[in-house]
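Here's the structure we're looking at; comments come further down.
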Amino acid sequence: MRRFVTLVQRRPINFYFKRTLMTDEKKSSDKSGVPLPVVGRRNILITSALPYVNATPHLGNLIGCVLSADVYSRFARLRGYNVLYVCGTDEYGTATETKAVLEGVTPQEICDKYHKIHNDIYEWFDIRFDIFGRTSTPQQTEITQDIYQRLDANGCIDEQEMKGLFCEQCQTPLADRFVEGECPTCHYDQARGDQCDACGSLLDSVQLINPRCKTCSSPPVERITNHLFLRLTHLTDQLSKWITESSEKGCWSTNSKATTQSWLKMGLQDRCITRDLKWGTPVPRKGYEDKVFYVWFDAPIGYLSITACLTDEWKQWWKSDNVELYQFMGKDNVPFHTVIFPASLIGADDGYTLLHHLNTTEYLLYEGGKFSKTNGVGVFGDDAQNTGIPPSVWRYYLLTNRPESSDSDFQWSDLAVKNNSELLNNLGNLVHRTITFVQNQFGGKIPRITLRKSDEEFLASITKLTEQYIEELEAVKIKAGIRTAMTISKVTNQYLQDGEPWKRLKSDSESAGTTIAVCANIVRLLATLLHPYMPSVSSTIASQLNVSDDFSLTSAELFSSEFVEGHEIGTPQVLFTKIADESVEEFHLAFLGKKRDAKTGPEFPLDLIVGTVFEVKDHPTADHLWVVQVTTGGRTLQIVTSLRTCYDEEQFLNKTVIVLNNIKKSKFQGVASQGMVLCAKDESGFSVVTSTQSNGTRVVPEGAVVKVKKNFKYKKAWKDLNLRTNDESQGICGGVLLLANGEPIFLDKPKPNSEVV
Ligand SMILES: [Zn+2]
Ligand SMILES: [Zn+2]
């Protein structure tokens, strides 16, 4: 009997053996088990750009650094390389310091709070770091000061006089965000000392027109103080040589090579590395007691200091010529990692590990625009957790949509399509069909494999695709790798479909068994290949197959990945669930924020109009009903309502209400009713929805476009719209505020979080 394993071995196998591990390979780790570089192995040090602590990461931040680096580090571990993945929060800088002043807490407290937010979000997304540290540590001070002192000793530091602003009232120098004034470029009145938010110009605080102290508003005076400069001019030759060599050797992307070259072409300028701030790494030099290092100088040193927080042996990783450094970041971070940080390390000249492979992403847009926490636009890490969509689906969507050579765009409809047709119908279907078939038809045991020629050809194509996947991920082509893995799933589905084992089960159970056992083998292979992308899905597949989820993709392991005949599998489970069209709409509305683009918003089928009740009469026959007349500006509507159970006639007369205008006309005990008055209900009764706006004003969910449906069927369709009140008893639809002329509508008697009827 020929087995899958023998078949694969007959194919060209040089590729796998290139990186075959020696069985007596040395493992090395420090006393607490942290891996250390080993001679003779590939030692891969992976960093993700350090996210700025003071901001909740959004989907674009995730794909830009931590998630991409996570995929590669998981892949490198699958290959048996010696890997260390390091990241953490970048905690120093004026944004933290000013925020702390505003909130009346210490910068450290701000950092503690946000560090935890970051940590929780990355954990939820299944990002597995060796350490997720922070830069506000004694190790950071020690290593930064050491690098500075080496630079100084090597003649790479210069002292220059600079003009700065000083507030005599507060007795403090005013750097960056501690001073505001008029922008010299666009004349916006609230430009900050480091940047103008209106036109985006980078500024020096002395350029501001009519500057004022952010704390006490008094005008500052100019003072001349000394600052330290990194002499990039002095380092240009060494740096250019290193860039030319490394960009080729480490296969930097075309875009990042171009950015770096343009910096070199402009001619490098000496750069100031000190700042008149308190929250930062202290400068070990006489006369600099009130200054700290500028964040762009010491933030990348965070990679080293965070590693030092993990192990005392950090120098084995960071001062080595036997380590390949892979760095992941968004495109805006490139010059700091290809020019400034390497220049500091080259100048310090202490055998530092320098960048090998640079992996960058362009931007991820949200529905064609920017993510904005302040405006509530887009999905942030904490929001994603509340959608009920599992982390693996988010990962899959972001990774298949990774902005590698150009910006890409997040769309809810696209997320639903990828979930429903790729994950659910392709992968989920293959896994579920295979496992239930083995379970139901073969008593849960993998049947014997007797390969026919067509099976051999099919397996050869799978081997080829697997090789392609490995090549792609070795080159850190993350999007290509997931595409290839999903192709394997797709062609295997087709193989199963064509093989029709369910038809041959009785007539030729051996060939039916072979087909399903081949599928089971490939499902197992897929669990491995998908592990870098969707680790928890891979683990679930492994448990359904009753195999270990300690995956590996080294040559030896790949060949032994076949099942023994008779292997007992586990219980089938559903891997993915459908995302319905209605949810897509709901999510889209929920994350629109303050964005108001009436032409492209979702459609809203109700004709809701502000009106005033001008007549209230008893219903001729029904004691619990009123017949009221409502004016909506130009029109008068007669409405039959049961609200008299909760309101006096006096209270109800002249009340501003919201009427539903496009409901099917009906009769209540013989009296015609042309609409409905919106109200909310809970156990204590009804409360009317009202507005501050004038009669005739239309009510629309924020960002939506009204497309009135004639004769709206209340009984059938109302519930689906999900009209409710929020915590503040304001009307919402699918989580989005209902607005009349831009203003929320609200209940006249508070009933938070209740249903609107
Ligand atoms: Zn400006
Ligand atoms: Zn002041």
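The values are calculated or read from the model by the stated rules, or taken from the named source; none is laboratory data. As the structure is a prediction and not an experimental result, all values here were calculated from the model. Every residue, glycine as well, gets a Cβ built from its backbone with ideal geometry; the counts of neighbours run over all protein chains shown. Keep in mind that these areas ignore ligands, DNA and RNA; they rest on the heavy atoms of the full protein, side chains included. Shrake-Rupley method; radii C 1.70, N 1.55, O 1.52, S 1.80 Å.
Only one of (1) over 33 Å from the mean Cα position of the chain (by Cα); (2) within 16 Å of ligand 2 (Cβ to nearest atom); (3) under 24 Å from T144 (Cβ atoms) fails for K278. Which number is that?
All conditions pass for K278, except number (1).
Show the residue pairs meeting these rules: Cβ distance below 7 Å; 6+ apart or different chains; first residue within the range 192-212 and closer than 9 Å to E180 by Cβ; second residue open to solvent by 60 Å² or more (accessible area, probe 1.4 Å).
Note: pairs meeting the criteria are R192/R177; G193/R177; P211/P219; R212/P219.
Of all residues in the range 538-556, which are among the β-branched types (V, I, T) and open to solvent by 10 Å² or more (accessible area, probe 1.4 Å)?
T540, V547, T554
Of all residues being among the charged types (D, E, K, R) and not in a strand (DSSP E or B) in the range 146-196, which is nearest to P282 (Cα to Cα)? Just the residue, please.
Result: D146.
Quick check, is T528 under 33 Å from the mean Cα position of the chain (by Cα), polar (S, T, N, Q), open to solvent by 40 Å² or more (accessible area, probe 1.4 Å) and within 30 Å of C65 (Cβ to Cβ)?
no
Would you pick out the residues in the range 222-242 that are within 16 Å of ligand 2 (Cβ to nearest atom) and either within 25 Å of D298 (Cβ to Cβ) or modelled with pLDDT of 95 or more (or both)?
R223
What are the residues in the range 349-365 that are part of a strand (DSSP E or B) and open to solvent by less than 20 Å² (accessible area, probe 1.4 Å), if any?
L355, H357, L358, N359, T360, T361, L364
If you check C167 against the conditions, is it away from ligand 1 (no atom under 16 Å from the Cβ) and in contact with a Cys (Cβ under 8 Å, 6 or more places away or on another chain)?
Working: away from ligand 1 (no atom under 16 Å from the Cβ): yes; in contact with a Cys (Cβ under 8 Å, 6 or more places away or on another chain): yes.
Taking the combined requirement at face value, the residue satisfies it.
Under the condition of being buried (at least 21 other Cβ atoms within 10 Å of the Cβ) and touching a Cys at 6+ places or on another chain (Cβ under 9 Å), which residue from the range 451-495 is nearest to M534 (Cα to Cα)?
V476
Which one of the conditions (1) away from ligand 2 (no atom under 16 Å from the Cβ); (2) in contact (Cβ under 8 Å) with a residue 24 or more places away in the chain; (3) not in a helix (DSSP H, G or I) does S218 fail to meet, given that it meets all the rest?
That leaves (1) as the condition not met.
Being in a helix (DSSP H, G or I) and closer than 17 Å to L575 by Cα narrows it down to one of Y397, Y469, so name that one.
Y397
Would you mind telling me which numbered condition in (1) open to solvent by less than 20 Å² (accessible area, probe 1.4 Å); (2) modelled with pLDDT of 90 or more; (3) more than 30 Å from Y85 (Cβ to Cβ) W318 fails?
(3)
Checking the conditions here, which among F591, F604, F576 is touching a Cys at 6+ places or on another chain (Cβ under 8 Å) and under 30 Å from G368 (Cβ atoms)?
So the residue among F591, F604, F576 that is touching a Cys at 6+ places or on another chain (Cβ under 8 Å) and under 30 Å from G368 (Cβ atoms) is F604.
Kindly indicate whether G133 is open to solvent by less than 40 Å² (accessible area, probe 1.4 Å), away from ligand 2 (no atom under 16 Å from the Cβ), touching a residue at least 24 places away in the same chain (Cβ under 8 Å) and in a strand (DSSP E or B). Even if it seems obvious, please write down each step before you answer.
Working: open to solvent by less than 40 Å² (accessible area, probe 1.4 Å): yes; away from ligand 2 (no atom under 16 Å from the Cβ): yes; touching a residue at least 24 places away in the same chain (Cβ under 8 Å): yes; in a strand (DSSP E or B): yes.
It is true that G133 is open to solvent by less than 40 Å² (accessible area, probe 1.4 Å), away from ligand 2 (no atom under 16 Å from the Cβ), touching a residue at least 24 places away in the same chain (Cβ under 8 Å) and in a strand (DSSP E or B).
Answer yes or no as to whether C183 is modelled with pLDDT of 85 or more, within 11 Å of ligand 2 (Cβ to nearest atom) and open to solvent by less than 30 Å² (accessible area, probe 1.4 Å).
Details: modelled with pLDDT of 85 or more: yes; within 11 Å of ligand 2 (Cβ to nearest atom): no; open to solvent by less than 30 Å² (accessible area, probe 1.4 Å): yes.
No, not satisfied.
Check whether at least one residue in the range 172-179 is away from ligand 2 (no atom under 14 Å from the Cβ) and within 17 Å of E97 (Cα to Cα), and report yes or no.
Yes, that holds for at least one residue.
Looking at this structure, is C199 assigned to a loop (DSSP other than H, G, I, E, B), more than 28 Å from L345 (Cβ to Cβ) and either more than 12 Å from ligand 1 (Cβ to nearest atom) or open to solvent by less than 40 Å² (accessible area, probe 1.4 Å) (or both)? Walk me through how you get there before you give the answer.
Working: assigned to a loop (DSSP other than H, G, I, E, B): yes; more than 28 Å from L345 (Cβ to Cβ): yes; either more than 12 Å from ligand 1 (Cβ to nearest atom) or open to solvent by less than 40 Å² (accessible area, probe 1.4 Å) (or both): no.
No; evaluated as a whole, the condition is false for this residue.
Considering the range 178-196 alone, what residues qualify as being touching a Lys or Arg at 6+ places or on another chain (Cβ under 7 Å) and either within 16 Å of ligand 1 (Cβ to nearest atom) or over 25 Å from F297 (Cβ atoms) (or both)?
Once the filter is applied, which keeps residues that are touching a Lys or Arg at 6+ places or on another chain (Cβ under 7 Å) and either within 16 Å of ligand 1 (Cβ to nearest atom) or over 25 Å from F297 (Cβ atoms) (or both), the range 178-196 yields V179, E180, G181, R192, G193, D194.
Sort through L203, L208 and tell me the only one that's touching a Lys or Arg at 6+ places or on another chain (Cβ under 9 Å), more than 16 Å from ligand 2 (Cβ to nearest atom) and among the aliphatic types (A, V, I, L, M).
L203
Looking only at residues that are in contact with a helix residue (DSSP H, G or I) (Cβ under 8 Å, 6 or more places away or on another chain) and assigned to a helix (DSSP H, G or I) in the range 262-286, which one is modelled with the lowest pLDDT?
Top of the filtered list is W263.
Per-residue answers, yes or no, for (1) at pLDDT 85 or above; (2) of a type in the set (V, I, T); (3) open to solvent by 70 Å² or more (accessible area, probe 1.4 Å):
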position: W626; (1), (2), (3): yes, no, no
position: Q638; (1), (2), (3): yes, no, no
position: T645; (1), (2), (3): yes, yes, yes
position: E650; (1), (2), (3): yes, no, yes
position: V657; (1), (2), (3): yes, yes, no
position: K665; (1), (2), (3): no, no, yes
position: Q669; (1), (2), (3): yes, no, yes
position: Q674; (1), (2), (3): yes, no, no
position: V677; (1), (2), (3): yes, yes, no
